[in-house]
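> Following this message is one structure expressed as structure tokens.
The values are calculated or read from the model by the stated rules, or taken from the named source; none is laboratory data. These numbers were taken from a predicted model, which means no experiment stands behind them. Heads up, the Cβs are rebuilt from the backbone with ideal geometry, glycines too, and the neighbour counts pull from every protein chain shown. Each accessible area value is taken on the protein alone, full model and side chains, heavy atoms only, with ligands, DNA and RNA left out. Shrake-Rupley method; radii C 1.70, N 1.55, O 1.52, S 1.80 Å.
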There are 6 protein chains.
Amino acid sequence: MNINDKIGIYPGTFDPITFGHLDIIKRACKLVDKLIIGVAENVNKHTAFDTKLRTSMAENEIKGLGIDADVISFNGLLVKFAKEQNASVIIRGLRAVSDFDYEFQMSWVNYKLLPEIETIFLPASEDTQFISSSFVKEIARLGEDVSKFVSKGVQNELINLNRIKNGE
Amino acid sequence: MNINDKIGIYPGTFDPITFGHLDIIKRACKLVDKLIIGVAENVNKHTAFDTKLRTSMAENEIKGLGIDADVISFNGLLVKFAKEQNASVIIRGLRAVSDFDYEFQMSWVNYKLLPEIETIFLPASEDTQFISSSFVKEIARLGEDVSKFVSKGVQNELINLNRIKNGE
Amino acid sequence: MNINDKIGIYPGTFDPITFGHLDIIKRACKLVDKLIIGVAENVNKHTAFDTKLRTSMAENEIKGLGIDADVISFNGLLVKFAKEQNASVIIRGLRAVSDFDYEFQMSWVNYKLLPEIETIFLPASEDTQFISSSFVKEIARLGEDVSKFVSKGVQNELINLNRIKNGE
Amino acid sequence: MNINDKIGIYPGTFDPITFGHLDIIKRACKLVDKLIIGVAENVNKHTAFDTKLRTSMAENEIKGLGIDADVISFNGLLVKFAKEQNASVIIRGLRAVSDFDYEFQMSWVNYKLLPEIETIFLPASEDTQFISSSFVKEIARLGEDVSKFVSKGVQNELINLNRIKNGE
Amino acid sequence: MNINDKIGIYPGTFDPITFGHLDIIKRACKLVDKLIIGVAENVNKHTAFDTKLRTSMAENEIKGLGIDADVISFNGLLVKFAKEQNASVIIRGLRAVSDFDYEFQMSWVNYKLLPEIETIFLPASEDTQFISSSFVKEIARLGEDVSKFVSKGVQNELINLNRIKNGE
Amino acid sequence: MNINDKIGIYPGTFDPITFGHLDIIKRACKLVDKLIIGVAENVNKHTAFDTKLRTSMAENEIKGLGIDADVISFNGLLVKFAKEQNASVIIRGLRAVSDFDYEFQMSWVNYKLLPEIETIFLPASEDTQFISSSFVKEIARLGEDVSKFVSKGVQNELINLNRIKNGE
């Protein structure tokens, strides 16, 4: 890494990581010299998988992509984490059916907190834009096939999750 | 019912069924040969009324409409329920002030899961489009008049509900 | 056609007809017993192709689809045309990136004019939802490839159109 | 106050009151003869501060503004509270990134309940439109600086709140 | 008029004035001491009726309403016209299906030009919110009934307009 | 420029260039190694200033910014121009009050035409997000002050433009 390298953060809860996330990761890597996938601990939001598992799932998923990216979990303010990692840009996926208002508001709050860190939006690809972790968990909870939305590895973790929930 | 008959599903939580739901039911009946009102058990969403009561309330409401519709409760995937009922189309009401993004996303997820089942949207009528079950429950909780939003039968159920809650 | 058959109108300018239109046509056919593709003369909107050519292009496109649909041009009020054709439903494609407000407003105006005719919306498929006739014409005007958006037949008409414009 | 005076209600949870709220309060005062800031008890929504503290914080904040406004807490229906206060108009702030659909729906429900009371929307100013109480509480929870969003007094209350939560 | 009276401007093209406009006018009168209906000359927008006729149509329509309002045409900047009339507030109707983005942008531009003049939005009533002058003109052009949208007087002007256009 | 340098295109009509455009230009420069400001000839859209003048105005505006950017006019497909310039990313400003749908649709069309070129969105800053060239031209046409929206140089060009229009 040289001093002028552009480091970007792609933050999320990744609960679990889906093909939609992977689409953004692959494309974000081309925009920066180094991509950090920030797995938010997110104490406010009850997550199905704990931070450690969400982080390891993300690591497994990007192994096969031949990209230069790290997976690092964080808690606390996103912009503070970005600063600690010497990142200059936060990258967010934006879906035509995404909560555009919320994303815009977040970008302004982060700008007020730390103006030197930019937020950029990558439009989700049309064939993954409808995928959301919450839909995937609900469909998996009902024992249905989620192979169009998440990888084999993530499918297995979802099966384990539901086994534990059903006390098997 | 002959083999070519078009069966449609109008799914919802109906917690409780409102004049807005009844508007869509009356109009949806004209679009298909047979309408099934699918009352979702919805384990994820805490409901004020249990599935049995929500189903019976819906049955009472459609009695007076002179339409050919059944009320059936279901749990699990909507598209699976639709397939079991030999339905070819899912009908959803869409309000100018509705969560358009969510409805679109659901239609794409359902298409990915079972492409042969279509989703169509009926624009809510202007004079019922603002009615939502959550507003009705909140106004009834405050002991106020909800006769512009739900039938006499449903009003009585709401009164009972609040009596039980207030331990009367 | 028997008296109870459900006739639907899919109206549009089709200037020219695209893969997005054809996606809606194929799916709309499954919702009604008979589909009429209504090509609007649209005196208010300057069209690149005249009504006759837009109508014949649409006819050619649906030939290969094995569907029961007619192509009829009309001028004047859409609901009046629908009534003349004994249609009970107007079918409109709706894109997550479409002018949702305009479509809603149109459905209410049509309802006020002729309440017995319903408007239903079919969510566009994700892989054709971004296609619009205006983008196709602009890309073709620049001499670029539009084969991902329109058929070979329509491509040829676009080439002729631009030849005439360029006085070749 | 004379009989023709126009009284307006600016209702909210104010959990806590932010610079965004104060911007609307200052501007709303110019639209009516008397402004009542209605602090909603809001039994449905878990609030960080109780009604008494939210009310006193609001009172402290408006002291320095030299405006003619009262702060009154209420529970029950907003339109009923407005009627009790002889108000003729409900004033709501509207942000380009606000839940426009929800606000519209509320205004129609209130109109159905009590047609004589109007709802008007004031567009939030661009430099406060992104401020929301929930962001402020989350940033304060992380021990970060919220001085760009809330006053010194409110910052102190947020510090106390987090001390109590952390059992200090 | 005493010095503290609140004067409001309700600006528009009113080409022609519809029941939707009249709904806002009646409700806006209750918010201010004096309402001025500002008919914009609008050199940029080709109008069907000239300024003089649009102004007289508006005057005729409000005669029967028993309200204290003037109709004044203006060209140039809206905020300048408002200042000349000693108005303190611009009132705009907002429809759930209206161009919300444009209205918001206009309110910010006007605020930058003349901060002392406020813009407030009145949510259109559900039964007139879908009415737009352009729909009315198109339906009238086709010789159809527009009595659900505009008054008898305006209907007659529309008939004259189309006669002139058709060279009768 | 070395082979791995990331080149970005910021395309627009810039008719004329405003403070909103300059905000995006300054921030976009930090995201790429080299920024090209692409002034679209735009034969479809009647522009107030011709391509040459729009290009020279943009050049003058960026002189004082101390950034590494070129201004190049282009006609034809945006993605083709981007490819000719060896750009890997198209940068677009996005305003909370912008035509989000149109921008999304454009990004998908461009992706279909040339998948290797990405589109990213930069959220406009809150204090320039409401500025649009069309508002600026309208206010200038009325002889009013536009100094909050455009530079001294652009103001002079607007004055000349209106002189020519008024035949002075």
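> For residues in the stretch B:76-96 being touching a strand residue (DSSP E or B) at 6+ places or on another chain (Cβ under 7 Å) and part of a loop (DSSP other than H, G, I, E, B), which is surrounded by the most Cβ atoms within 10 Å (Cβ to Cβ)?
Of everything passing the filter in the stretch B:76-96, B:87 is surrounded by the most Cβ atoms within 10 Å (Cβ to Cβ).
> Moving to a separate point now. Give me the pairs: first residue in the stretch D:11-36 and within 11 Å of another protein chain (Cβ to nearest Cβ) and without any contact (Cβ under 8 Å) to a residue 60 or more places away in the chain, second residue of a type outside the set (A, V, I, L, M, F, W, C) and in a loop (DSSP other than H, G, I, E, B), beta-carbon distance under 6 Å, and six or more apart or on different chains, which are they?
Cβ pairs passing all conditions: D:32/D:6; D:33/D:5; D:33/D:6.
> Return the only residue of F:62, F:67, F:72, F:90 being at pLDDT 90 or above and over 27 Å from residue F:157 (Cα atoms). Let's see the steps before the verdict.
Numbers: F:62 fails: over 27 Å from residue F:157 (Cα atoms); F:67 fails: over 27 Å from residue F:157 (Cα atoms); F:72 fails: over 27 Å from residue F:157 (Cα atoms).
Going through F:62, F:67, F:72, F:90 in turn, just one is at pLDDT 90 or above and over 27 Å from residue F:157 (Cα atoms): F:90.
> Then there is this: Of (1) crowded, with 16+ Cβ neighbours inside 10 Å; (2) assigned to a helix (DSSP H, G or I); (3) out of contact with any helix residue (DSSP H, G or I) (no Cβ under 6 Å at 6 or more places or on another chain), residue E:164 satisfies all except one. Which?
Going through the list (1) crowded, with 16+ Cβ neighbours inside 10 Å; (2) assigned to a helix (DSSP H, G or I); (3) out of contact with any helix residue (DSSP H, G or I) (no Cβ under 6 Å at 6 or more places or on another chain), residue E:164 breaks only (1).
> In the stretch A:87-97, which residue that is under 20 Å from residue A:69 (Cβ atoms) and among the β-branched types (Val, Ile, Thr) is farthest from the other protein chains (Cβ to nearest Cβ)?
A:90
> Then there's this: For the stretch B:55-63, does any single residue satisfy the condition of being of a type in the set (S, T, N, Q), open to solvent by 50 Å² or more (accessible area, probe 1.4 Å) and within 12 Å of the chain's Cα centre (by Cα)? Give the derivation first.
Taking the stretch B:55-63 first, the residues of a type in the set (S, T, N, Q) are B:55-56, B:60.
If we keep only those that are open to solvent by 50 Å² or more (accessible area, probe 1.4 Å) too, we end up with B:60.
Keeping just the survivors that are within 12 Å of the chain's Cα centre (by Cα) gives none.
No: zero hits.
> Would you mention how many residues in the stretch F:64-75 are open to solvent by 30 Å² or more (accessible area, probe 1.4 Å) and either of a type in the set (A, V, I, L, M) or in a loop (DSSP other than H, G, I, E, B) (or both)?
7
> Which of (1) modelled with pLDDT of 95 or more; (2) closer than 26 Å to residue D:164 by Cα; (3) among the β-branched types (Val, Ile, Thr); (4) surrounded by fewer than 20 Cβ atoms within 10 Å (Cβ to Cβ) does residue D:18 not meet, given it meets every other one?
All conditions pass for residue D:18, except number (4).
> For residue B:109, state whether it is closer than 21 Å to residue C:126 by Cα and either among the acidic types (Asp, Glu) or touching a strand residue (DSSP E or B) at 6+ places or on another chain (Cβ under 7 Å) (or both).
No.
> Still on this structure: Of the conditions (1) closer than 25 Å to residue B:143 by Cβ; (2) touching a Leu at 6+ places or on another chain (Cβ under 9 Å), residue D:62 fails just one. Which one is it?
The failed condition is (1).
> Follow-up question, since we're still on this one. Among the residues of the stretch E:67-80, is there at least one that is touching a Leu at 6+ places or on another chain (Cβ under 9 Å), without any contact (Cβ under 8 Å) to a residue 12 or more places away in the chain and within 12 Å of another protein chain (Cβ to nearest Cβ)?
Within the stretch E:67-80, one or more residues are touching a Leu at 6+ places or on another chain (Cβ under 9 Å), without any contact (Cβ under 8 Å) to a residue 12 or more places away in the chain and within 12 Å of another protein chain (Cβ to nearest Cβ).
> So residue A:33 ticks every box in (1) modelled with pLDDT under 95; (2) within 30 Å of residue C:95 (Cβ to Cβ) but one. Which box is left unticked?
(2)
> For the stretch E:137-155, how many residues are part of a helix (DSSP H, G or I) and at the interface with another protein chain (Cβ under 9 Å from one of its Cβ atoms)?
Of the residues in the stretch E:137-155, 3 are part of a helix (DSSP H, G or I) and at the interface with another protein chain (Cβ under 9 Å from one of its Cβ atoms).
> Could I ask something else about it? Quick one: would you say residue E:50 is under 24 Å from residue E:86 (Cβ atoms), free of Cβ contacts under 8 Å to residues at least 40 places away in the same chain and either surrounded by fewer than 22 Cβ atoms within 10 Å (Cβ to Cβ) or of a type in the set (Ser, Thr, Tyr) (or both)?
So residue E:50 does not fit the description; no.
> Looking only at the stretch D:97-146, which residues are modelled with pLDDT of 95 or more, in contact with a Phe, Trp or Tyr (Cβ under 9 Å, 6 or more places away or on another chain) and either among the acidic types (Asp, Glu) or open to solvent by 40 Å² or more (accessible area, probe 1.4 Å) (or both)?
Listed by number, the list holds a single entry, D:118.
> Just give me the residues in the stretch A:1-41 being farther than 22 Å from residue A:154 by Cα and out of contact with any strand residue (DSSP E or B) (no Cβ under 9 Å at 6 or more places or on another chain), in sequence order.
If the condition is that a residue be farther than 22 Å from residue A:154 by Cα and out of contact with any strand residue (DSSP E or B) (no Cβ under 9 Å at 6 or more places or on another chain), then A:2, A:3, A:4 are the ones that fit.
> Filter the stretch B:1-10 down to the residues that are open to solvent by 10 Å² or more (accessible area, probe 1.4 Å) and either more than 11 Å from chain C (Cβ to nearest Cβ) or among the charged types (D, E, K, R) (or both) and list them by number. Even if it seems obvious, please write down each step before you answer.
First, the residues of the stretch B:1-10 that are open to solvent by 10 Å² or more (accessible area, probe 1.4 Å): B:1-7, B:10.
Once the filter is applied, which keeps residues that are open to solvent by 10 Å² or more (accessible area, probe 1.4 Å) and either more than 11 Å from chain C (Cβ to nearest Cβ) or among the charged types (D, E, K, R) (or both), the stretch B:1-10 yields B:1, B:2, B:3, B:5, B:6, B:7, B:10.
> If I filter the stretch D:98-136 down to residues being touching a residue at least 12 places away in the same chain (Cβ under 8 Å) and either over 18 Å from the mean Cα position of the chain (by Cα) or at positive phi (or both), which single residue comes out as nearest to the other protein chains (Cβ to nearest Cβ)?
Selected residue: D:113.
> Of the residues A:32, A:39, only one is within 22 Å of residue F:31 (Cβ to Cβ) and open to solvent by less than 40 Å² (accessible area, probe 1.4 Å); which?
When all the criteria are applied, what remains is A:32.
> Considering every residue within the stretch D:40-49, establish whether at least one is under 27 Å from residue B:100 (Cα atoms) and either at pLDDT 95 or above or among the charged types (D, E, K, R) (or both).
Within the stretch D:40-49, one or more residues are under 27 Å from residue B:100 (Cα atoms) and either at pLDDT 95 or above or among the charged types (D, E, K, R) (or both).
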